[in-house]
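Accompanying notes for the structure given below.
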Amino acid sequence: MLDIEAAKLAIQKSKTKEVVDFAKDMERDHEAVNKQALDLVKKLKVKPEDNATSQALTKAAKEERAKLAKLEGTAFDKAYIENEVAYHKQVNGALETLLIPSANNAELKSLLETGLKIFQGHEQHAEHVAGTLK
Amino acid sequence: MRAGALSVLGSLTLALVAPPALAATIEVTIDRLVYSPASVEAKVGDTIEWVNKDVIAHTATVKGGWEVMIPPKSKGRITLKQAGAVDYFCRFHPNMKGHLNVAP
């Protein structure tokens, strides 16, 4: 959810086509993944609960968004994209080492595994955009 | 003479009805960020059709070349115009990679 807010901020603030395009890709993909996750939550009749991992990710993302809101121009572009690389790295680490190994439900595990592939793609995409900003 | 003309006519008809090398449509499925088959043998004039089973959009992009958009739960296609081997990838998810071998 927080990644979508950061994307919306970038679409609003950035003047760089590569950055705006990347942010639109993030908004679109993350909305699709969130929808799948919410559909599965409904189907499995479970209630998502906060945990240490989700709390740490949320806290870091909120702080980063507050920082981004104050930046403009090239400084904003660089900070947004660098944060996207770092954020996806962090999420992928959590998926690989913690979330996927702990998932017992086959459908949840499969959703998380697909999510990992998508976010690994985003991490590479963000690294590519970061390269064009130098 | 008559038999000769018939035979000429016969071979001409045969030549006319003999099928030309038919252009094929080759399907590549995208499921959970994997192009399948990952490598395709094709000929110039063939069409590659990507069938996207994912809920997110993908592309088939050749660096410095063509790009096909493949919307979620939809299809994208290209007719091959140039012979040669090309690597392609998804611009949105560069960890997705595919290969085409295009014979003349």
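Descriptive notes on the structure:
- Taking every residue in segment A:34-58 that is farther than 17 Å from A:L95 by Cβ and pairing it with any residue that is in a helix (DSSP H, G or I) and acidic (D, E), at least 6 positions away or on another chain, the pairs with Cβ-Cβ distances below 8 Å are A:K43/A:E107; A:L44/A:E107.
- Residue check for A:Q120: within 13 Å of the chain's Cα centre (by Cα), in contact (Cβ under 8 Å) with a residue 24 or more places away in the chain and within 14 Å of chain B (Cβ to nearest Cβ): yes
- Test: residue in segment B:85-97 that is free of Cβ contacts under 8 Å to residues at least 12 places away in the same chain and under 26 Å from A:H128 (Cα atoms): yes
- Condition check for A:V85: without any contact (Cβ under 8 Å) to a residue 40 or more places away in the chain and either away from chain B (no Cβ under 14 Å) or assigned to a helix (DSSP H, G or I) (or both): no
- Within segment A:4-23, residues that are of a type in the set (D, E, K, R) have Cβ atoms under 6 Å from residues that are crowded, with 16+ Cβ neighbours inside 10 Å in these pairs: A:K13/A:F76; A:E18/A:V129, counting only partners at least 6 apart in sequence or on another chain.
- The strands (runs of 3 or more DSSP E) found entirely in segment B:16-104 include none that carry 3 or more residues being farther than 23 Å from A:Q124 by Cα and aromatic (F, W, Y).
- Residues being within 14 Å of chain A (Cβ to nearest Cβ) and touching an Asp or Glu at 6+ places or on another chain (Cβ under 7 Å) - total across segment B:61-90: 2
- Every residue from segment B:5-26 that is modelled with pLDDT of 65 or more and exposed (fewer than 15 other Cβ atoms within 10 Å of the Cβ): B:S7, B:A21, B:L22, B:A23, B:A24, B:T25
- Exactly one residue among A:L71, A:L38, A:L111, A:L99 is in a helix (DSSP H, G or I), more than 23 Å from B:P72 (Cα to Cα) and hydrophobic (A, V, I, L, M, F, W, C), and that residue is A:L99.
- Filter result for the condition that a residue is exposed (fewer than 15 other Cβ atoms within 10 Å of the Cβ) and either at pLDDT 95 or above or touching a helix residue (DSSP H, G or I) at 6+ places or on another chain (Cβ under 6 Å) (or both), over A:K62, A:K45, A:K15: A:K15
- Selection count where residues are within 14 Å of chain B (Cβ to nearest Cβ), crowded, with 18+ Cβ neighbours inside 10 Å and among the aliphatic types (A, V, I, L, M), scope segment A:18-32: 2
The values are calculated or read from the model by the stated rules, or taken from the named source; none is laboratory data. All figures in this text were calculated on a predicted structure; none of them were measured in a lab. Counting neighbours? That spans all protein chains shown, and the Cβs are built from the backbone with ideal geometry, glycine included.
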